Amino acid sequence: MEVSDRTLASLGFDDIRAALAGRCRTEVGQERARARGFLQSRDEVQASLTLSEEAVALKAEPITLPITGIVDVRTSIDRASKGGMLEPRELINLCQVLFSFERSHELLTDRAPRLPGLGALGRRLPVLSKLATRLDRSFEASGEISDRASTELRDARETARGLHRRIRGRLDELLRDEKFNETLREGYYSVRNDRYVVPVKSSHQRDVTGIVHNASQSGQTLFVEPQEMIGMGNELAIAQSIVLEEERKVLLELSGLVGREASRLLDGVDALSSLDELEAIASLSNDLKAISPTLEPADGALVLKALRHPRLVLKGGEIISNDVELGDARSLVVSGPNAGGKTVTLTGVGLCALMTRAGLPIPCDPGSRIPLFNQVHSAIGDQQDLQAGLSTFSAHVTMLRDITSVARRGALVLIDEIAADTDPREGAAIATAVLEELLTRGAIVLVTTHLEELKALAHLDPRFVNARVGFDGKRMAPTYRLQLGFAGASSAIDIARRVGLAESICVRAHDLAINTGGALSKALQAAEEERRKLFEQRDLAERDAREAKLAKEAAEAELAAALKKRKEEEVKFREALRAELEFARNQIRAIVEKLEGEKSLKTAQTVAADLTQRINEQTTAERGARQELKGEVRELAPLELKIGARARHRSMDAEVEILDLAGDTATVAAGALKMRVPLSELGPATKAKEPARFPGANKKEARLEKVKEVAAQVLTLASPTIDVRGERTEDAMRKIEQFLDRCTRNGDEAAIIIHGHGTGAIKRDLRESLKRSPYAKSFRPGDASDGGDGVTVVIF
């Protein structure tokens with residue numbers, strides 16, 4: 001990849017590097033981003049883009065690597081590898097790096113199957129748990145070496161602390177001595193030159209025997225170490241020197257441990273900087289809404305969909321995106337008004353070429369394709385050099401000379417206002433010759449111009465294609481939209497009027513332009529006006545389409561809200577109806593328990609079976625409504641208008657039973673409620689699954705089954721039930737746990753557990769377990785009719 005510093009500066013690639021560095025969270029990552037260069041091979045570029053996509057995917061989870069605040073420790077590692085002693089702060093920084101290595105390694109290794117590139121970088125991070133723990137326990141939060149660092153250091157510090165206590169204790173005794181206190185300026189002691197001293201009045205120097213370590217500025221106070229403290233002071237000095245020596249030993253030991261792992265640590269820091277840079281690339285990609293383009297050969301197609309200038313996006317504000325497509329052509333000639341976005345198009349394409357070669361996603365839409373250019377040259381901006389004696393035109397031609405001498409196949413050349421600062425006829429001739437030379441050499445060329453001869457090239461040579469930036473004649477302002485396949489008028493007079501040139505001058509200039517303009521210029525003006533009208537019509541159609549889309553979305557949202565509200569009301573209705581039937585069931589159960597004899601038992605069985613069917617139907621309907629609230633679809637049975645059939649009452653949104661039919665009305669029942677309704681109010685009911693039926697082996701067994709069915713209905717009509725009476729406590733609790741699992745998976749709202757009274761062990765263990773159970777919202781003993789305290793009702 002060949003690109004000059006002048007080209008990098010004119011395109012502003014350093015702004016991209018700075019934006020990348022600003023999103024890094026470590027010093028090493030920022031350094032890497034600011035120095036990001038260009039990759040040499042197609043495989044390297046593709047690998048970098050793939051890693052960037054993985055980083056974007058990781059950020060979307062959202063996951064952030066634990067690397068914030070990590071400082072550059074490479075110098076410390078290098079010094080430790082050479083036997084140098086590291087300072088406490090350096091070792092603390094290394095400890096933070098090691099913990100970051102370990103956590104990042106774990107995070108990326110877990111995601112390696114899905115993000116293999118990041119997983120490979122994560123494996124480069126060394127996991128040195130013992131070293132990290134050793135460093136961590138050797139320092140306090142303040143940065144001081146901890147007593148835990150070594151036994152010898154702890155003992156030495158304890159000795160020094162003991163001497164401090166003895167000295168302070170003796171000084172406190174002296175300060176309480178009235179005679180001694182008279183010699184002092186104030187009643188306190190302090191430390192001077194690591195020795196304990198008292199402030200003695202200079203007039204009482206002879207009364208206090210000792211060593212003078214310091215004096216006040218006025219000379220009226222002498223800081224004296226009393227004679228009797230000198231011995232203990234010497235002992236303290238020796239103890240403190242031992243402490244310093246032990247601290248030095250600890251630092252040397254820890255530095256040696258770091259030095260032995262220097263190579264792994266340095267490789268880990270390099271991998272960490274890559275990961276930090278990749279996170280920054282992901283952040284930058286999200287901000288630019290960038291994608292990884294399809295890489296084309298050096299002379300392949302250039303197709304940039306919805307190109308957004310990256311530097312303008314980073315600055316914020318409204319950005320006009322444009323499609324840039326060359327197809328089979330090799331040169332794009334961009335024309336149109338000044339300040340209309342021609343140069344923005346050139347620099348945007350140039351930055352995309354550089355970002356691709358640097359392995360960065362580009363701010364375009366999916367489907368974009370870009371050649372892997374091996375050269376990028378630009379002639380943008382005024383290169384006038386007074387010291388070299390070069391005029392603007394001379395400097396411009398010098399750049400054209402340099403570019404044409406080195407351009408080759410695979411080069412991208414960007415030329416702004418080619419040959420503009422000279423006679424238009426001769427300038428057009430030079431420009432045409434330069435462009436033909438560059439295309440002959442195999443380069444792709446983007447050029448901006450106001451020269452009509454260059455705009456005409458697209459009609460004469462298939463290697464050229466025109467594009468223009470539009471101008472809104474009504475607003476007297478550029479539209480900044482690039483229109484491929486058309487040449488643009490310069491609109492110089494309109495621009496002059498917009499910036500405030502006198503109207504009389506603009507009118508005169510317009511008259512002169514009409515009389516002197518060539519046929520091509522007039523044709524371009526007519527085409528521009530026609531184009532403006534077409535764009536107005538298109539904008540109007542787009543606005544109508546947007547309004548229609550918004551209206552449709554609002555209607556759909558309103559309908560969804562209405563349906564949700566309807567289902568919520570149905571759930572409430574079902575709950576109330578089921579509560580009413582539960583009450584009726586309890587009454588029937590009390591009657592059944594008192595009935596005796598074949599005839600009474602059969603009557604009770606019939607009543608209970610009918611009630612059971614009604615309760616179960618309402619429970620099923622309620623659950624069905626809840627499922628519909630969650631987006632599930634219920635299957636509806638065909639509507640049958642006959643006595644005994646089930647239907648749905650549209651106004652109540654509830655299922656009812658048809659009791660009687662009379663003309664266009666029907667008598668229906670919803671639980672205990674009966675009413676006459678028009679047939680138009682009835683709709684299909686929910687289709688119910690037919691239960692499997694298994695006949696008894698003989699009449700006696702069938703009769704026993706009927707008796708059991710009646711007994712079971714007394715306790716298990718609406719809620720799932722388990723009976724663990726007679727079970728051992730451990731077996732009962734295991735069965736109850738499996739029962740609660742099954743009920744939770746089935747979406748049941750409540751369950752009944754029959755444990756009886758017995759010794760009370762099952763009841764006690766069960767209710768203690770339910771207090772901690774994640775399944776149970778609440779629980780209570782059964783009602784008197786349910787079995788009282790021998791039953792526990794669980795609400796999920």
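The values are calculated or read from the model by the stated rules, or taken from the named source; none is laboratory data. Note that this is a predicted model, so its numbers are computed, not measured. Positions of Cβ are generated from backbone atoms using ideal geometry, with glycine treated the same way; all protein chains shown enter the neighbour counts. Side chains included, ligands, DNA and RNA excluded: accessible areas come from the protein's heavy atoms. Shrake-Rupley method; radii C 1.70, N 1.55, O 1.52, S 1.80 Å.
Any idea how far apart Glu737 and Ala60 come out in nm if each label point goes 7 Å out from Cα toward Cβ?
Result for the modelled spin labels: 4.1 nm.
Which residues' amide hydrogens lie under 5 Å from the amide hydrogen of Phe139, considering only partners 5 or more residues apart or on another chain, with H built in the peptide plane?
Under 5 Å from the amide H of Phe139: Ser146.
Do the alpha carbons of any pairs in Lys315/Lys342; Lys82/Lys249; Lys315/Lys455 sit beyond 23 Å of each other, and which pairs?
In this structure, Lys315/Lys455 exceed 23 Å between Cα atoms.
In Å², and per residue, what accessible area does the stretch 333-450 have when probed at 1.4 Å with the other protein chains present?
Here the per-residue accessible area is 34 Å².
Return the sequence-ordered ³J(HN,Hα) values of the stretch 537-542 in whole Hz as given by the Karplus equation 6.51 cos²θ - 1.76 cosθ + 1.60 applied to θ = phi - 60°, using x for Gly and Pro.
Using θ = phi - 60°, the values come out as 5, 5, 4, 5, 5, 5 Hz.
Among the aspartates and glutamates, select those whose C-alpha is under 12 Å from the C-alpha of Lys565, and discard any that sit fewer than 8 residues away in the same chain.
List returned: Glu628, Asp653.
Quick one: if the Förster radius is 45 Å, what FRET efficiency do Lys201 and Leu244 give, using the C-beta to C-beta distance and rounding to 0.05?
The formula returns an efficiency of 0.80 here.
Taking each pair of distinct Cα atoms in the stretch 246-301 once, what is the resulting Kirkwood hydrodynamic radius in Å?
Radius from the Kirkwood sum: 15.4 Å.
Could you give me D for the stretch 51-169, from Stokes-Einstein at 25 °C and 0.890 mPa s, where the hydrodynamic radius is the Kirkwood radius over C-alpha pairs? Units µm² s⁻¹, please.
144
Using the Cα atoms of the stretch 324-453, I'd like the radius of gyration and the largest Cα-Cα distance, Dmax, both in angstrom.
Gyration radius and largest Cα-Cα distance of the stretch 324-453: 14.9, 48 Å.
Residues with amide H under 5 Å of Phe38's amide H, sequence separation 5 or more or different chain, H placed in the peptide plane at 1.01 Å from N; which?
Here nothing satisfies the definition.
With a 1.4 Å probe and every protein chain kept in, tell me what percent of the accessible surface of the stretch 311-427 is carbon plus sulfur.
After summing per-atom areas, the C and S share lands at 46 percent.
Points 7 angstrom from Cα along the Cβ direction at Glu296 and Met675: gap in nanometres?
In this crude label model, Glu296 to Met675 measures out at 7.0 nm.
How much length is gained on full extension from Leu512 to Glu640, taking 0.36 nm per residue of separation minus their Cα-Cα distance?
Separation in residues times 0.36 nm, less the Cα-Cα distance, equals 37.3 nm.
Give me the extension gain from Ala496 to Arg34: residue separation times 0.36 nm, minus the current Cα-Cα distance, reported in nm with one decimal.
162.2 nm
How much accessible surface does Arg764 have with a 1.4 Å probe, in Å² rounded to 10?
130
Starting from the stretch 189-283, pick out the chymotrypsin sites (Phe, Trp or Tyr not before Pro) whose DSSP state is loop and whose Cβ has at most 14 other Cβ atoms within 10 Å.
none
Whole-Hz Karplus ³J(HN,Hα) for the stretch 23-34, in order, using 6.51 cos²θ - 1.76 cosθ + 1.60 and θ = phi - 60°, x for Gly and Pro?
Result, ordered by residue: 9, 7, 10, 10, 5, 5, x, 5, 4, 5, 5, 5 Hz.
Counting only DSSP beta bridges with both residues in the stretch 279-386, tell me the antiparallel percent, nearest 5.
About 60 percent, rounded to the nearest 5.
Which ³J(HN,Hα) values, rounded to whole Hz and listed in residue order, are derived for the stretch 751-761 from phi using the Karplus coefficients 6.51, -1.76 and 1.60 in 6.51 cos²θ - 1.76 cosθ + 1.60 with θ = phi - 60°, glycine and proline given as x?
8, 10, 10, 9, 10, x, 9, x, 7, x, 5
Expected output is a single nm value to one decimal: the length gained when fully extending between Asp147 and Gln227, i.e. 0.36 nm times separation in residues minus the C-alpha distance. What is it?
Result: 25.6 nm gained on full extension.
Can you give me the accessible area per residue for the stretch 11-52, using a 1.4 Å probe, in Å²?
Normalised by residue count, the accessible surface of the stretch 11-52 is 46 Å².
Per residue, how many Å² of accessible area does the stretch 263-324 show with a 1.4 Å probe?
Here the residues of the stretch 263-324 average 38 Å² of exposed surface.
What is the percent carbon and sulfur in the accessible area of the stretch 25-146, measuring with a 1.4 Å probe over the protein chains and ignoring ligands?
Carbon and sulfur: 52 percent of the exposed surface of the stretch 25-146.
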